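The values are calculated or read from the model by the stated rules, or taken from the named source; none is laboratory data. Note that the coordinates shown come from a computational prediction; the quantities given were computed from them, not determined experimentally. Here Cβ is always computed from backbone atoms with ideal geometry, including for glycine, and neighbour counts include all displayed protein chains.
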Amino acid sequence: MDHTNHPRLTTEEYTDAVLTGATVYGPGDEKIGSISHTHGIGDGAQAVIEVGGFLGIGAKSVLVPVRDLDLMRNEAGEVHAVTKWTKDSLKDMPEHTH
């Protein structure tokens, strides 16, 4: 997917209501997880990404700063993110317990 023409979110949109459910893509444009929820709002917000697993079973939750995600909307208006992390690098992060 070519993300270059997707409009980026503003920091005011960095909220749980906007980001929850967003698909997260890795550096090779592969789907590596999804945002399950966020903590905080704006530039200081943090996202909990569910990575790995199948149908929610065996997934690991990791906490990352929202500012480290490239957050945008596709042509259909769906929010998604692109990150420099791979699925394996996210799995290597400490697990976040809600």
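Taking segment 22-43 as the range and being among the aliphatic types (A, V, I, L, M) and touching a strand residue (DSSP E or B) at 6+ places or on another chain (Cβ under 6 Å) as the test, the residues that pass are A22, V24, I32, I35. Of everything listed in (1) surrounded by fewer than 17 Cβ atoms within 10 Å (Cβ to Cβ); (2) over 12 Å from the mean Cα position of the chain (by Cα); (3) at pLDDT 95 or above, the single unmet condition for N5 is (3). Among the strands (runs of 3 or more DSSP E) confined to segment 36-95, the ones with at least 2 residues that are closer than 27 Å to N5 by Cβ, at pLDDT 95 or above and aliphatic (A, V, I, L, M) are located at 46-51, 70-73, 79-82.
Yes/no per residue for (1) more than 14 Å from E78 (Cα to Cα); (2) among the aliphatic types (A, V, I, L, M):
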{"position": "H6", "(1), (2)": "no, no"}
{"position": "L9", "(1), (2)": "no, yes"}
{"position": "K31", "(1), (2)": "yes, no"}
{"position": "H37", "(1), (2)": "yes, no"}
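In segment 14-22 there is no residue that is assigned to a strand (DSSP E or B), in contact (Cβ under 8 Å) with a residue 40 or more places away in the chain and not charged (D, E, K, R). Has segment 70-79 got at least one residue that is surrounded by 15 or more Cβ atoms within 10 Å (Cβ to Cβ), charged (D, E, K, R) and free of Cβ contacts under 8 Å to residues at least 60 places away in the same chain? The answer is no, given that none of the residues of segment 70-79 is surrounded by 15 or more Cβ atoms within 10 Å (Cβ to Cβ), charged (D, E, K, R) and free of Cβ contacts under 8 Å to residues at least 60 places away in the same chain.
Which ones in segment 80-97 are free of Cβ contacts under 8 Å to residues at least 40 places away in the same chain and either surrounded by 15 or more Cβ atoms within 10 Å (Cβ to Cβ) or in contact with a helix residue (DSSP H, G or I) (Cβ under 6 Å, 6 or more places away or on another chain) (or both)? Of everything in segment 80-97, those that are free of Cβ contacts under 8 Å to residues at least 40 places away in the same chain and either surrounded by 15 or more Cβ atoms within 10 Å (Cβ to Cβ) or in contact with a helix residue (DSSP H, G or I) (Cβ under 6 Å, 6 or more places away or on another chain) (or both) turn out to be S89, M93.
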